Each structure stands twice: as structure tokens, then as C-alpha cells.
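Participant: Let me begin by handing over the structure; questions about it come next.
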Amino acid sequence: METSQLWDRLGRFLAVRGVSGQVQALTPIVGGFSQITYRFSVGDGDRQRDYVVRCDRPGGAQLTTTDRALEFRVIEALNAAAAPVPRVRWADLSGAELGTPAMVSDFIEGPNFLQAARSGLRPTAELAELATRAAAQIHRLDTAGFPVEIGRDGGDWDGYIDTRIQAWRDLEARQAERMPVLRYLACWLDLHRPEPVPLCLIHGEYSTANLMLQPSGAVSVIDWEFAHVGDPRMDFGWCIQRGGKEPPNVVADHLDLVCRRYCELTGMSETAMNPAAVSYFVVLSGLRAFGAVLDGITRFTKGDSSLLLSAYLVSPWSLACDQWLQITETLGSAARQRPTRIGAGHSGERP
Amino acid sequence: MMSKPSTVQLISVIREHLSDAIAPAVSDAGQQKLLAMIDHLLQTIAVRAEHEIDWMINHVHDVVALADDMVNTASTPGAVIEALDRYREQHQVSLTASAVTANYGLAAAVLAAILEATVTDTGEHGSAARRLLQRDVARGVQVVGEFELVPP
């Protein structure tokens, strides 16, 4: 959809909802692989409000498919729980009004953590601390008011891990050719499980690009399409995963600090939350994004897609495989000396 | 046919022209990112053009040799034998890229079966299989070269 079309549609969409004034400065926010986001202003005279509209990509350009309606309900629940999340205002879940399923939220002033780190606006250790605090706040939310589709906290940890590992095997089985690295990683993940912790709400795509730093110093977490009930260490694993492709790797560079602070904030034991355990989740969390990447590459290979992005993403896939294998080597050496779960003992505390 | 200029040279000059003549004329941020992706892909194609046939042939040879050694010296899991049999039945005697790629795919199934069978094994076969996997992945990294993610 052309920006001019969206401009017109947004104006009508907002008018129906009683928002007066012209839509102004509709500008795409570049970045991200799943949805398209635009910033815009609306109002008249001195009464300007800034929003973002988050739209599904057109069908042929989608790398991943997620449910905008579910994301909208998740953010509504997060808003109700006073979580560090932008307030969602309106949604067109069918796409009848805006031309594609979309939602409108408050615009958050300020850079994301990646920009803040790269510009030197804040020391990366400080950003790691803020990221840890925000994660702890999210992970401690009661999921009672959340959509049932994301799951309920306190579920069976081993079952959750089993499902994730099986997803790796299923991913390999549906590719155009056999992939030894996936088959090996699935076996390795099964054999090197860390200490269990209670499942809770997790963001699912926790990264420095999705953490906004407001001028007040407050943190706001955006892009909730992959939220679900899972192991909280997955969020840190994914953050490190993504940080490896988008340096500086804020969490990885301060992982001891992150683990220590997370334990202090949540009461989780150090045997459950430690660099080795988080490293396990760097591997396990890879499926979330790289599953879609690999499926896209296979569609490209089979001639079912000509999405340039899929060809391009072969490179991060290759780098991720290297990163995962290095982790298995490091943790494998340790485990050979101590052939039990990564970490020791048992943790029954809630994050 | 003319083998010179080489594929790598051709790709190099295409990249130069894209970078020096086309990119400065593109003002749209989305199209600039598209060009950056194309440039990166060309960079990887240049590395693959130079190395991938050699890499794949050597990899296939080493995987099959490892599997043969397992069959000859140890109690070999059925999955490894099946994958090796499939390789022997289906592999192609040709150096075209498509044939070498097909053989590489058959060998991948052999290596996957060995890795699964030896994941807890600290012995020679397991170590050798993991070294082959690491080398193969490292070659993928070599293809990538310098890389920083360009979001769409």
C-alpha cells in the first residue's frame, strides 16, 4: 500500500473514532523484519499528538506471520497491568479500514537501546541494567488477564522445552535438504537442559531494537507479536542472539551483571540464572526467528518465493549456526566434566 | 568459452558500479537498503564462485570416509547405514554445480545421522563428526565475510 493511501485511510479511521485534526508527517520507521511501522502526528493548532501505526506487510513480502488481533489484546492487557509498554489506542484488525490489519499506539519519544548504545548516549552497562529491570518487571506480571492463547504461567517446564526442541526437529524435517547442524543442535539441547524455572510471560523478541529509552529515562518495550508464556531466560537468550548481528551486544557484554541483577530483582537462584544457562537459551531461542528465516530460504530454493530478503538472510543464518556451535563447544566441555543440567540443584522460585 | 575475466572479477566490477554509480543516485531509504542487500549477496556469490565446488567435494569425501570407517570398525546405527546406502545409490559422477550440490545434500544426511548417533560420544567418530560440522559451518561464515544486518 502506498503511503498516500494509508494517509487518507488513517484520516478517515481516526475521524470515525472522534479524533479531530489532520494526519501529518506520516513517515516510515525503518527497521524490523516482521511488520511495517509508521510514525505520524494528528491534531490541530497546539494540540498535536504523536502516534505509530503498525501494519502487516503485504502477503508476498512477509517473512513471518503473526496475529495482529492477538498482539492487540496482549498489549491491552499489558497496558492494564501498567507494564512498561506504549499505550495502544485503536486497531483495525480486519484491515477493512486501513487496508491491512493494523494498530495505532502512542509514539515513544527517544532512541531505542541500540541507537542509544551506538551513539554513546548511555553507557552500555547502564543499558544492560535497564534492560534487566524491564525484563524482570515483565516476567513478574500475572498472566490472568492476558489472552489464553499465549498460555498460562506455572506450566510444565520440561514439556515446554520438549516442545521447543521438537520444533527444531520439525523445522529440519521440512527443509529442502538435510541439515546436520539442526539435527545436532536438537540432540544437544535435549541433553544439556538447564535448571528448570517457573514459566511466565515473556516478550519473545526482546532485543535492544525493541527497547525504547524515553527522555525521562523510563523504558518502554515495543513489538509484542511473539509474546507468550515461556522460560524467562529465553528473552535474554534472544537479546544476545540478535545483539550478535547488531552490535554492540549490550546484554552479552554485561552478562554477569545482567544475571546478578536479575537474580536480585526476581529472587531467582544463581544456579538457574547464570551465563551458562542464558547461553543455552541463545541457542534454543534461535528457532523463533530463524525458523521463519529458514522456511523462507527453503521457499526461495524451491522457487515458491523470490523474496530477496530470504536470500540475504542466508548470511545471518550462517553466522547464527557458528555462534550456536561455539556455545555447544563451550558448554559441552563444562558439561563433560559435570554431566548434569547446566547449573546445579533445583530452583522453585517464581521469577 | 572464455574463462577470463573470472566470475569473481565480474562480480567485483558489478559491485563497484553499483556502489559508485548507482547507490549515490538512490535517495529512497528503502531502495538504499535493498542495494545494500544486493551488494552483500554479490559479495557472498564471489566467495562461493571461488570455493564452493572444492569445499563441497572435499566435505562429501570426508563425510563418506568417516561413515565408511564407522561401518568398518564399530557397531554402526541403522540410520547411518541407510544414509550411506542412499548416498551410494544416488550420488552423481559429475562436477557440475547441480550434481555436486546434490551429492553434498546426500552427504549431509549421512553426517546428520552420524552426529545424532554420536552426540554423547567423546570417542574418535563423534569428535571427527563434530569437527566436520564445525568446518562446514565455518565455511559458511567465510562466505558471509564482513556483515552487519540491514533491516528491510
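Participant: Just to verify a number: what accessible area does B:Val119 come out at with the full protein assembly present, 1.4 Å probe, Å² rounded to tens?
Facilitator: Here the residue's solvent-accessible area equals roughly 30 Å².
Participant: Also, quick follow-up: How large is the accessible surface of B:Asp28 in square angstrom, using a 1.4 angstrom probe and rounding to the nearest 10?
Facilitator: 80
Participant: Looking only at the range B:120-152, which residues have a backbone nitrogen under 14 Å from a spot 7 Å from the Cα of B:Asp54 in the C-beta direction?
Facilitator: B:139, B:143
Participant: Efficiency by 1/(1 + (r/R0)^6): what FRET value for B:Gln142 and B:Gln32, r their Cβ-Cβ distance, R0 = 30 Å, to the nearest 0.05? Before the final figure, lay out the partial values.
Facilitator: On the way: r = 27 Å, r/R0 = 0.90.
Once rounded, the FRET efficiency stands at 0.65.
Participant: Given H placed 1.01 Å from N in the peptide plane, which residues other than close sequence neighbours of A:Val197 have an amide H under 5 Å from its amide H?
Facilitator: none
Participant: With a 1.4 Å probe and all protein chains kept in place, how much accessible area does B:Ser19 have, in Å² rounded to the nearest 10?
Facilitator: 70
Participant: Name the residues whose placed amide hydrogens come within less than 5 Å of the amide hydrogen of A:Gln24, ignoring near sequence neighbours (fewer than 5 apart) on the same chain.
Facilitator: Under 5 Å from the amide H of A:Gln24 lie the amide H atoms of A:Ser41, A:Val42, each far enough along the sequence or on another chain.
Participant: Separate question: Where in the range A:118-193 are there trypsin sites (Lys or Arg not before Pro) that are in a DSSP coil and have at most 11 other Cβ atoms within 10 angstrom of their Cβ?
Facilitator: Listed in order of number, the matching sites are A:Arg174.
Participant: In terms of modelled amide H atoms, which long-range or inter-chain residues lie less than 5 Å from the amide H of A:Ala91?
Facilitator: It is A:Val104, by chain and number.
Participant: Next up: Where the accessible area of the range B:7-143 is counted over protein heavy atoms with a 1.4 Å probe, how much of it, in %, is carbon and sulfur?
Facilitator: Whole-percent figure for carbon plus sulfur exposure: 54.
Participant: Could you work out [θ]222 nm for chain A from helices alone, using -39500 (n - 2.57) per DSSP H run of at least four and dividing by all its residues? Round to the nearest 500 deg cm²/dmol. All intermediate terms of the calculation are to be shown ahead of the outcome.
Facilitator: Details: 13 runs with 161 residues, N = 351.
Calculated from helices alone, the mean residue ellipticity at 222 nm is -14500 deg cm²/dmol.
Participant: Further question on the same structure: Over chain A, with a Gaussian network built from C-alpha contacts below 10 Å, which listed residue (A:Gln175, A:Gln48, A:Gln166) shows the highest mean-square fluctuation?
Facilitator: So, out of A:Gln175, A:Gln48, A:Gln166, the one fluctuating most is A:Gln48.
Participant: In whole Hz, what ³J(HN,Hα) sequence does the range A:267-275 give by Karplus (6.51, -1.76, 1.60; θ = phi - 60°), x for Gly and Pro?
Facilitator: Each residue's phi maps through the Karplus curve to give x, 5, 6, 6, 6, 9, 10, 8, x Hz.
Participant: Relative to the Cα centre, what is the charge dipole magnitude of chain B, using +1 at the beta carbon of each Lys and Arg, -1 at the beta carbon of each Asp and Glu, and rounding to the nearest 20 debye? Mind dumping the intermediate values first?
Facilitator: On the way: 10 positive and 19 negative charges, 42 e Å.
The calculated dipole for chain B is roughly 200 debye.
Participant: Turning to a different aspect of this structure: Order the following by accessible area, largest value first: B:His91, B:His17, A:His192. Probe radius 1.4 Å; ligands, DNA and RNA are ignored.
Facilitator: Listed by decreasing accessible area, they come as B:His17, B:His91, A:His192.
Participant: Follow-up question, since we're still on this one. For chain B, what is the relative contact order in percent, using Cα pairs closer than 8 Å and at least 6 residues apart in sequence?
Facilitator: 28
Participant: Average partner chain C-beta neighbours within 10 Å, per residue of B:110-120?
Facilitator: Shielding by partners across B:110-120 averages 5.
Participant: Then there is this: Taking every DSSP beta bridge with both residues inside the protein assembly as shown, roughly what % is antiparallel (nearest 5)?
Facilitator: Just about 95 percent of them are antiparallel.
Participant: If you don't mind, there's one more thing I want to ask. Taking a ≥ b ≥ c as the square roots of the Cα gyration tensor eigenvalues, with a/c under 1.5 meaning rounded and otherwise prolate when a/b beats b/c, else oblate, which class fits the range A:118-200?
Facilitator: oblate
Participant: Turning to a different aspect of this structure: Largest first, how would A:Thr208, B:Thr7 line up by accessible area (1.4 Å probe)? Intermediate values should be presented prior to the final figure.
Facilitator: Numbers: A:Thr208 10, B:Thr7 80 Å².
Per-residue accessible area, sorted high to low, gives B:Thr7, A:Thr208.
Participant: Right, here's the next one. What are the lysines whose alpha-carbon lies under 26 Å from the alpha-carbon of A:Lys302, with same-chain residues fewer than 8 places away excluded?
Facilitator: B:Lys33
Participant: Rolling a 1.4 angstrom probe over the protein heavy atoms, how many square angstrom per residue are accessible across the protein assembly as shown?
Facilitator: On a per-residue basis, 44 Å².
Participant: Here is a further query. From the phi of every residue in the range A:211-217, what ³J(HN,Hα) in whole Hz does the Karplus formula 6.51 cos²θ - 1.76 cosθ + 1.60 yield, where θ is phi - 60° and glycine or proline is x?
Facilitator: Using θ = phi - 60°, the values come out as 10, 9, 10, 7, x, 6, x Hz.
Participant: Taking accessible area as the heavy-atom solvent-accessible surface of the protein chains with a 1.4 Å probe, which residues of the range A:296-333 lose no less than 50 Å² upon going from the isolated chain to the full protein assembly?
Facilitator: A:Leu308, A:Tyr312, A:Ser315, A:Leu319, A:Leu325
Participant: How big is the A/B interface in buried accessible area, both sides summed, 1.4 Å probe, to the nearest 100 Å²?
Facilitator: Values: alone 15280 and 9760 Å², together 22100 Å².
By this definition, chains A and B bury close to 2900 Å².
The values are calculated or read from the model by the stated rules, or taken from the named source; none is laboratory data. Remember, predicted model here, so these are calculated numbers, not experimental data. Here Cβ is always computed from backbone atoms with ideal geometry, including for glycine, and neighbour counts include all displayed protein chains. Surface accessibility is based on the protein's heavy atoms, side chains included, excluding ligands, DNA and RNA. Shrake-Rupley method; radii C 1.70, N 1.55, O 1.52, S 1.80 Å.
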